[in-house]
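Read the structure below first, then the notes.
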Amino acid sequence: MLSKTGSYPAYSGLSTYYVPSSPKSRNEAIALASLRGYNKNPPDCQRERPETTMDARKVYIETYGCQMNLADTELIVGLLKPHGYQPTQVAAQADVILLNTCAIREHAEERVLSRLGELVRHKTRRPGVLLGLTGCMAQHHRERLLDKAPFLDLVLGPDAYRTLPALLAQEDKDEPLVSVRLDRDETYADITPARGEGVRAWVTAMRGCDKFCTFCIVPYVRGRERSVPLAALLAQVRELAAQGYKEVVYLGQTVNAYRDGDRDFADLLRRTAEVDGIERIRFTSPHPADMSGQVIEAMATCPKVAPYLHLPLQAASNRVLARMERGYTVEQYAALVERLRAAVPGLALSSDIIVGFPGEEESDFRATYDFMAEVRYDSAFMFKYSAREGTKAYKWGETLAEEEKGRRLQEIITLQERISADINQQTVGQTVDVLVEGPAKRQQGWLAGKSGQFKTVVFPSTGTRPGDVVPVRVVSATAHTLVGEA
Ligand code: 5AD
Ligand code: SF4
């Protein structure tokens, strides 16, 4: 199988500490930041409402970034609930306002900083409200964040959520509380996340990453790879089935690197498939280098494992792949796709692609374009390279102008849209099994759900309920949706 060994740069294992800041400058910062955001029009759900008189303290969390962060938000709420906190969708009613953040691209960080400037007004209007930043960006910038946003009360990295109830219970909150210790053993295996309603549950199987792709900040902000024990995961899944969830999506930065003693990810898939009530199993994101024969075999032989795989490629030039330290060549990746498609009939594939990596020549970009045209992904997440301080590639600087990166990105987006539309078009006339999720967003009286291939399918309601799996005949299709009749 493909292989890669990651280097292990040291990260600072700072434990919880208090950053002194003069109350004057902090108060000024709150007032100033509040003024900046004052005229902005917040969305309806965030407009000021009267304070509630209920006893429970309320926590409002906005989540940025990937599915992993959404799962972490459910974890944070799960951690806070036993301490008397209830989640709220309305920032104006919250005692604690948290932004659970992403550091993967600069744009994500800019959005968070500007949103903080808007949310700080809640502190001026209702003294006692705490404003905090959790997740990858908190870990990435740590104390530097307090220069940019001195009004923050809390800065918490991804391995420090367990400290949150104790931090909130502290009497003296005059100083910002910072907890950014990375913990090689933290899996939160004993914490029950507070999941939203639905048919699909996201279950974190492993945390962190050991791969150290040269463009990526994740190993630095989420720390080393570690898996949740198999028994804990299966107990969680049985509980989810009892609660009525039909689909489980295992999450991890390199989820197929999952390990518990001598049990691997294939064992996890097989054992999960034995749980009654769970109809579908998915996972994201696997790393191509960890896609073992056993995992392919489990996908091929467990009918509950959905025929869909998100298999990030990043680039198709071997020169670029080597500089990214991805651990595979494009030929190895192509052979893996071939093997997967042979083993799992009807397999839908998606990918992540980065354009404009330092040193990417036009010929490298063309290799990526041509490979995408050849492999024909069902869909793809496509990004312009964003230099992240602390990564290896950051030191190489940027070698392309923003406009050129934009041009390359647009080219592959146009290509992919055409391919996605084309592939979906070919399903017209076929019947697909749809796991019904609920009402369709746009059409009244229609339902929406996902096919096994993770395509969104909408169809006129025939009285089926969320959680049902119904055969739907596809009558038309776009690049993003299948339209059907049940
Ligand atoms: N710039 C652009 N895209 C990135 N990704 C990760 N780091 C960067 C970066 N510095 C993309 C990769 C990864 C996905 C989650 O985000 O494609 O697979
Ligand atoms: Fe790890 Fe994925 Fe980032 Fe590579 S791109 S370092 S595998 S999280």
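The values are calculated or read from the model by the stated rules, or taken from the named source; none is laboratory data. From a predicted model like this one, the values you see are computed outputs, not experimental measurements. Neighbour counts run over all protein chains shown; Cβ positions are idealised from the backbone, glycine included. Just so you know, the surface numbers come from the protein's heavy atoms only, side chains and all, with ligands and any DNA or RNA stripped out. Shrake-Rupley method; radii C 1.70, N 1.55, O 1.52, S 1.80 Å.
Observations on the structure shown:
- For segment 57-95, filtered to residues that are of a type in the set (Ser, Thr, Tyr) and part of a strand (DSSP E or B), the residue that is most open to solvent (accessible area, probe 1.4 Å) is Thr63.
- Annotation: Gln253 fulfils all but one of (1) within 16 Å of ligand 2 (Cβ to nearest atom); (2) under 20 Å from Pro158 (Cα atoms); (3) not in a loop (DSSP other than H, G, I, E, B); the unmet one is (3).
- Checking Gly327 against (1) in contact (Cβ under 8 Å) with a residue 12 or more places away in the chain; (2) within 16 Å of ligand 2 (Cβ to nearest atom); (3) over 23 Å from the mean Cα position of the chain (by Cα), the condition it does not meet: (3)
- Residues that are aliphatic (A, V, I, L, M) and buried (at least 18 other Cβ atoms within 10 Å of the Cβ), drawn from segment 285-304: Ala289, Met291, Val295, Ile296, Ala298, Met299
- Failed item, numbered, when Ala380 is tested on (1) small (Gly, Ala, Ser); (2) closer than 20 Å to Thr478 by Cβ; (3) open to solvent by 50 Å² or more (accessible area, probe 1.4 Å): (3)
- Residue match in segment 139-147 (condition: touching a residue at least 24 places away in the same chain (Cβ under 8 Å), surrounded by 18 or more Cβ atoms within 10 Å (Cβ to Cβ), within 16 Å of ligand 2 (Cβ to nearest atom) and assigned to a helix (DSSP H, G or I)): yes
- Of everything listed in (1) out of contact with any helix residue (DSSP H, G or I) (no Cβ under 6 Å at 6 or more places or on another chain); (2) open to solvent by less than 20 Å² (accessible area, probe 1.4 Å); (3) more than 12 Å from ligand 1 (Cβ to nearest atom), the single unmet condition for Arg184 is (2).
Yes or no, residue by residue, for (1) open to solvent by 10 Å² or more (accessible area, probe 1.4 Å); (2) part of a helix (DSSP H, G or I); (3) more than 10 Å from ligand 2 (Cβ to nearest atom):
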position	(1), (2), (3)
Thr214	no, no, no
Tyr220	yes, yes, no
Ala242	yes, yes, yes
Tyr245	yes, no, yes
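- Search result, residues across segment 363-385 that are among the aromatic types (Phe, Trp, Tyr) and not in a loop (DSSP other than H, G, I, E, B): Phe365, Tyr369, Phe371, Phe381, Phe383
- Residues of segment 349-357 include at least one that is within 15 Å of ligand 1 (Cβ to nearest atom), within 23 Å of the chain's Cα centre (by Cα) and open to solvent by 10 Å² or more (accessible area, probe 1.4 Å).
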